1. Rounded, prolate or oblate: pick one for the stretch 206-247, where a ≥ b ≥ c are the square roots of the eigenvalues of its C-alpha gyration tensor, a/c under 1.5 means rounded, and failing that, prolate if a/b is larger than b/c, else oblate.
2. Within a 10 angstrom radius of the beta carbon, how do His193, His134, His64, His160 rank from fewest other beta carbons to most?
3. Provide the net charge surrounding Thr94, with neighbours chosen by a C-beta distance below 12 Å and charges set as Lys +1, Arg +1, Asp -1, Glu -1.
4. Quick one: pull the percentage of alpha-carbon pairs in the stretch 100-161 with a separation above 16 Å.
5. Where Lys and Arg each count +1 and Asp and Glu each count -1, what net charge lies around Glu280 among other residues with Cβ under 11 Å from its Cβ?
6. Under a straight-distance cross-link criterion of Cα-Cα below 17 Å, which lysines are reachable from Lys99, leaving out those fewer than 8 residues away in the same chain?
7. Once the Cα gyration tensor of the chain is found, what semi-axes does its equivalent ellipsoid get, as square roots of 5 times the eigenvalues, in whole Å, sorted largest first?
8. Work out, in µm²/s and without decimals, the Stokes-Einstein translational diffusion coefficient of the stretch 132-198 at 25 °C, 0.890 mPa s, Rh from Kirkwood over C-alpha pairs.
Amino acid sequence: MLPIGKVLAGPAPARARVVLVKTDDRSAGVARAIDLLGLAGFGGAEVFLKANYNSADPTPGSTHPDVLAAVLAALRQKGAGPVTLGERSGMGDTRAVLKTRGVFDISGRFGAKVLVLDELPAEGWEKVRPRSSHWERGFAVPRALLGAGAVVQTCCLKTHRYGGHFTLSLKNSVGLAAKTVPGDSYNYMRELHGSPDQRKMIAEINTAYAPALVVLDGMDAFVSGGPDTGQLAHPGVIVAGVDRVAVDAVGVAILRTLGTTPEVRRGAVFEQEQLARAAELGVGVGRADAVELVTGDRASDETAKKVRSQLDQVPGAAG
């Protein structure tokens, strides 16, 4: 059993670069965002990829096919070794969801393996007990995740009507955690969704791993409702970074520029409970002035200015 997540080995980073690309082309936007981020190559490392297939609903209910293909293409171009896409759907049978969304076909084109996490045997899971946690028993994540040379995540831009308030990269990690482990009837997801500390527990799952890349598809967004269906908006952006807290803070700021739920508008961006708890645990930065927004053209600059104004808003001034 892991006593503590990898991310908790040191203090939160001092600064985080987050790329924002305004675009009308998902594939080109993903490629441009990763290029602007300036990542080094993967050097043949085995990659575990987490996308967003909580349900089979169209984007932003789930990862867009073009985004999955663009991320897989970027991994190939950056010299990644074997790629495994792992997923556990919360709303529907995972294998059926992945088949409906074309994941097996797209992954197969790039030689990537698909791992249906619900089908893992007991020995495929590792229990994690962070020192500081609101989980009664800790939680369990795939050993394939922990053993990978690099973890990459791609998520959507949307609110969450079931208590998460928003579901971006931090919340996307819930799909890495077991609902149950074979041979043990304890239901971790029942605990999560029934807890008043749900948003803190979401953050705590993220202590189990550190990503090498996060790509947030903000071409479309749910500004209310979610995670499967909701009120649709079209911000037309791709966001990329390594720091999940910073990426999610930018995502929350984008939702605020569009008009969103009272929960997402409340307080300063970094006072949002998912973000505050994750920053407290060292998962990412904890202040707006630690986020460096990177753009490469005038249209992206104009969007970034609006996002920056939301990030910098003083506590209590929003909503």
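1. oblate
2. Lowest to highest Cβ neighbour count: His193, His134, His64, His160.
3. Local charge sum for Thr94: +1.
4. 66 percent
5. Within the 11 Å Cβ shell, the charges total 0.
6. Lys99 reaches Lys50, Lys113.
7. Value: 26, 23, 19 Å, ordered largest first.
8. In µm²/s, the coefficient is 182.
Values quoted throughout were computed directly from the atomic coordinates according to the rules given, and no laboratory measurement underlies them. Note that the coordinates shown come from a computational prediction; the quantities given were computed from them, not determined experimentally. With ideal geometry, Cβ positions are generated from the backbone for all residues, glycine too; neighbour counts draw on all protein chains shown.
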